[in-house]
1. Does I370 satisfy the criteria of being among the aliphatic types (A, V, I, L, M) and in contact with a Pro (Cβ under 9 Å, 6 or more places away or on another chain)?
2. Mind listing just one residue for me: the one in region 105-126 that is among the acidic types (D, E) and in a helix (DSSP H, G or I) and, of those, nearest to L158 (Cα to Cα)?
3. Is it the case that G379 is out of contact with any Lys or Arg (no Cβ under 9 Å at 6 or more places or on another chain), at pLDDT 95 or above and open to solvent by 10 Å² or more (accessible area, probe 1.4 Å)?
4. Please name all residue pairs, on different chains or six or more residues apart, with Cβ atoms under 6 Å, provided the first residue is in region 270-291 and is within 19 Å of E340 (Cβ to Cβ) and β-branched (V, I, T) and the second residue is open to solvent by 20 Å² or more (accessible area, probe 1.4 Å) and assigned to a helix (DSSP H, G or I).
5. Which of the residues belonging to region 171-180 are buried (at least 20 other Cβ atoms within 10 Å of the Cβ) and at pLDDT below 95?
6. Can you pull out every residue in region 366-376 that is open to solvent by 10 Å² or more (accessible area, probe 1.4 Å) and under 19 Å from A416 (Cα atoms)?
7. Look through S168, S131, S154 and report the one residue that is hydroxyl-bearing (S, T, Y), in contact with an Asp or Glu (Cβ under 7 Å, 6 or more places away or on another chain), over 25 Å from P30 (Cα atoms) and surrounded by fewer than 24 Cβ atoms within 10 Å (Cβ to Cβ).
8. Can you report the number of residues in region 49-104 which are outside any strand (DSSP E or B) and closer than 30 Å to I380 by Cβ?
Amino acid sequence: MFDNRSAHATTPARTVALDSLEAGIEAAHPRRVIRESVSLDGDVLTIAGESYDLTDIDELVVLGGGNAAAHVAAALEPIVGDRLVEGVVVTDDPTETDRVTVHRGDHPVPSQRGVDGATAVREAAEAASESTLVLAVITGGASALLPAPTADISLDDLQATTNALLESGATIHEINAVRKHLSALKGGQLGRIAAPATVVSLIFSDVVGNDLSVIGSGPTVPDESTYADALAVLSAYDVTVPDAVKTHLERGANGDLAETPRAGDSIFERVSNHILADNFTALSAASDVAESHGFTPLILSSSVRGEAREAAKSHVAVAEEVFATGNPLSAPAVLLAGGECTVTVRGDGEGGPSQEFCVSAALELDDERITVAAVDSDGIDGATDVAGAIVDTDTITDHTAGAQALRENDVYPLLAEAGAHLHSGATGTNVNDLRIVVVDA
C-alpha cells in the first residue's frame, strides 16, 4: 500500500508499524466491508443484519458521495446484479463501475465538477418513486464532494467559507453545522428529496463518535443543528465569510428560511442508516497484526481529537510510561489510536494533522526504542500528496527547525527532507486517522 515502504521498513519496529497501518486501512476497504455486510437472497436484501423485502420494489438505484463512494458502488454491483437500474456517485477516487455513473469531485474544498456531480445526484433522487429503493452511499469526504450550494450562495462563496473553516481549528461537528445550512443536500435534505422512496444508507464513518448527522453532513439523517448554531461557530472561531454566506445564515436564523428536517419528520419513516465501517474497524485489524508480530497491542482510543501537535505529546508520554513502570502494559508493545485531530492554521506553510502529529512526536522522543507513525486512512493528509509519516529519534535532529516548522504550519518540507513521508495515494476508503506507537523491547 505504501509505495515507499521499502525505504521505511528498516527495523522490526518500523515493519510492525507499516504492517499494522496497512492492515487497518485494508480492513476498512469497501470491497471487504460490503462483501461481509451485504447479501441478496431471492427478494431479500440483507444489510448489516437487517432485511429488506424487494417484492414491491420496481427499481433499485445507488446515490451518494464521498472518498470511498465509487468503491462502495463497485462492490455493490455484483451483489445486487440486474436489480440495480442506475446510480450516481461523486468521489475524488474513481474506480470502474458497470451501471453506476461516477462523477469526479474535489476534497477537501468543493469544486465546480463536484457541484455538477451533486446536481446529478439530486436529479436522480427527485426521480425516485414509492417503488424505488435508494441505496445511499455516504462516506467520509461527502461534505465536500456533494456541495450543492443553495441558490443564493455561489461556488466561490462556498469555497472561501470552507477554506476559512478548515483553517480555523473548528471541529468537524462545528464545520458541518455551517455546511449543512449552505447546501441543498446535507442535513437530511437528500432524504427529503428522495421521499417517498425507501432509502437505506450504507455509511463509512470518518467522524469521532459516529454521529450520523455529521458523517458527510448527514444527507439522509435528521438534523438538530440550526442556522443560529452555524452563526455561533463563525463567531466562536472568528471566521470571516463572504457577505452572501453571512446574509444567508442570518436570514435563516431570523426564520426567513426553512430549517433542515428534524427528527420526527415523516420523510424519515422510510429511511434507515447503517454504519458498515468506522475507525475501530481499522484499529481492530491493526491490533491483530501487531499481535501476530509478537507485540502486545493496546487500542488507546478511536476518539482522539484536539490539536494534532498536543495529542502527539500524550501518545509519546504513554510510550515512556511503558518503559518507566510497565503501565499500561509491558514492552514490546504497540499503542494504537484513531480519531480526528485538527490543526489551527496560523502560518502559511504546507502540512496536515498526521504530519504535525509526527513532527511533534519526533521532537518529544529521546528513546530509540520508540517509533511513531500517523496517517489519514484516505491516503491524503490535509491537502497534501502524502498519507502521513513515520518517525523515530533519528528523523528530526534539528529540534529548532522542527519547532519552527510547527509554528509556521510548514512541516511538509521538513518531513520530505528527512525522507519520513508515507505515500499511498487514494486508498479507496476513509475512516479517519490512524496513529501507532511501537515500543520495542
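1. Taking the combined requirement at face value, the residue does not satisfy it.
2. D116
3. Judged against the criteria, G379 is not a match.
4. Once the first residue is within 19 Å of E340 (Cβ to Cβ) and β-branched (V, I, T) and sits in region 270-291, its partners that are open to solvent by 20 Å² or more (accessible area, probe 1.4 Å) and assigned to a helix (DSSP H, G or I) give I275/N210.
5. I172 - this is the single residue of region 171-180 that is buried (at least 20 other Cβ atoms within 10 Å of the Cβ) and at pLDDT below 95.
6. D376
7. Selected residue: S131, the only one of S168, S131, S154 that is hydroxyl-bearing (S, T, Y), in contact with an Asp or Glu (Cβ under 7 Å, 6 or more places away or on another chain), over 25 Å from P30 (Cα atoms) and surrounded by fewer than 24 Cβ atoms within 10 Å (Cβ to Cβ).
8. Qualifying residue count for the region: 23.
The values are calculated or read from the model by the stated rules, or taken from the named source; none is laboratory data. What you see is a predicted model; the values in this text were computed from it and never measured. With ideal geometry, Cβ positions are generated from the backbone for all residues, glycine too; neighbour counts draw on all protein chains shown. Ligands, DNA and RNA are excluded from the accessible area calculation, which covers all protein heavy atoms including side chains. Shrake-Rupley method; radii C 1.70, N 1.55, O 1.52, S 1.80 Å.
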